[in-house]
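Read the structure below first, then the notes.
The values are calculated or read from the model by the stated rules, or taken from the named source; none is laboratory data. Note that this is a predicted model, so its numbers are computed, not measured. Glycine gets a Cβ as well: all are built from the backbone with ideal geometry, and neighbour counts include every protein chain shown. We work out accessible area using only protein heavy atoms, side chains counted, and drop any ligands, DNA or RNA first. Shrake-Rupley method; radii C 1.70, N 1.55, O 1.52, S 1.80 Å.
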Amino acid sequence: MLELIFAAALMDTVVVPVDYGPVYVHEWGAVTFTEENVIFGANPLTDPNSNFIPPHQWDEPVSRAPIVYFYGNSFSGTFTVSVHSGSFIETLPVPQSLVSTSPVPQRQSFDAVWEIARTSTGQMEGLTDREHSSVSGEMLEIWREPPSFLLEFNDGTREKFIYYECALSPSSDDDFYPVLLQDSGPVLHPDYKGPLMRFEKNGETVTMELITSGTEYEHANDQEDNIPEILCDWAGGTMKSEELVSMWDTWKSWIYDGTWSGDTLLVFPLPENTIEGMTTIILETDETVEYTRFYLGIMSN
């Protein structure tokens, strides 16, 4: 009997460890290189000459709309985006703080900080359907499609993602590898052997070829719904399918309308080192955090 009582008491004193996570942070975006300028981000509809970009920044790379989603275990915490060489132009929602981290005035760097009070998987009531500079209501709906957490910030704002835009100042010609920035315009690095999609204007239509492992095949316009599958392959299966559909829905009208400069448009995945060289994202919370960042390079010539 004493043994049974002791065993029962021992069972009552066992402390079950708390499972804290992880929290999954997913981000997608693009860097576009056209004859006019270099754009880093996700929103193709932003006018590079719009008023919110000062004229002295028009010749700099511009970061537009990387979209950040959160999944996994519910959390509260602080999310920070650091621009290593450049400055923020636009954010959504407005961050709780935006501070300069520049070691010298000639080399700008900034941190944008969002305080996330709580997360939920409930309905999206309370989201603000407003026009936010270059971001249309239609674009907001596209970006809200993935099944990510609904975020509530300390100021009461509610949104399903964090969006930011910034001007970048590259320190060398190969900061955007596999793209080389040359006086005559951006070009692919001669040693790049990775996959790419090549879009070409053919009268009033745009056709696409997928180039991978040295082979090419035609991809007809009526099969464009397969492109998220190509992006999934490029991302190594690390992104949710809804995110890649949202990513492609953001760009496909701009691509197939042929409103980009030049006759050929190349689309290719950017390596992790290139992405981390432009910006860094950090979520400070009690839970374990895992990050996935997937970016495209888009270059016209």
Worksheet item: Measuring from centroid to centroid over Cα atoms, what is the spacing of the range 149-187 and the range 285-301 in Å?
Response: 10 Å
Discussion item. For the pair T238/E209, report the inter-label distance in nm, with labels modelled 7 Å from Cα in the Cβ direction.
Written reply: 3.0 nm
Worksheet item: Residue-wise, which Karplus ³J(HN,Hα) couplings in Hz belong to the range 157-174, taking 6.51 cos²θ - 1.76 cosθ + 1.60, θ = phi - 60°, and x for glycine or proline?
Response: 5, 10, 7, 9, 7, 10, 10, 8, 9, 8, 8, 10, 10, x, 8, 8, 5, 10
Worksheet, complete the sentence: Amide H neighbours of R118 at under 5 Å, excluding residues fewer than 5 places away on the same chain, with H built from the backbone geometry, are E152
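By how many nm would the segment from K252 to D191 lengthen if fully extended, with 0.36 nm per residue of separation less the alpha-carbon distance?
Details: separation 61, 0.36 × 61 = 21.96 nm, distance 2.82 nm.
Fully extending the segment from K252 to D191 adds 19.1 nm.
Quick check: residue separation of N202 and E141 times 0.36 nm, minus the Cα distance between them. What number comes out in nm? Don't jump to the answer; show the numbers that get you there.
Details: separation 61, 0.36 × 61 = 21.96 nm, distance 3.14 nm.
Residue separation times 0.36 nm, minus the Cα-Cα distance, leaves 18.8 nm.
Over all directions, the average projected area of the alpha-carbon convex hull for the range 149-301 comes to how many nm²? Could the numbers behind the result be given before it?
On the way: hull surface 47.1 nm².
Projected area, direction-averaged: 11.8 nm².
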Worksheet item: If you plug each phi of the range 242-259 into the Karplus form 6.51 cos²θ - 1.76 cosθ + 1.60 with θ = phi - 60°, what whole-Hz ³J(HN,Hα) values come out, in order, with x for Gly and Pro?
Response: 5, 5, 6, 5, 4, 4, 5, 4, 5, 9, 5, 5, 4, 5, 7, 6, x, 7
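Starting from 0.36 nm per residue, how many nanometres of slack lie between N226 and T280 once their C-alpha separation is accounted for? Kindly include the intermediate steps, with their values, before the conclusion.
On the way: separation 54, 0.36 × 54 = 19.44 nm, distance 3.07 nm.
Roughly 16.4 nm would be gained on extension.
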Discussion item. Under 5 Å between amide hydrogens, which residues at least 5 positions from D286 or on another chain qualify, with H placed 1.01 Å from N in the peptide plane?
Written reply: S76
Worksheet entry | Amide proton proximity set for F294, modelled H, under 5 Å, gap of 5+ | E27, W28, G29
Discussion item. At 1.4 Å probe size, with the rest of the protein present, what percent of the exposed accessible area of the range 159-301 is carbon and sulfur atoms?
Written reply: 43 percent
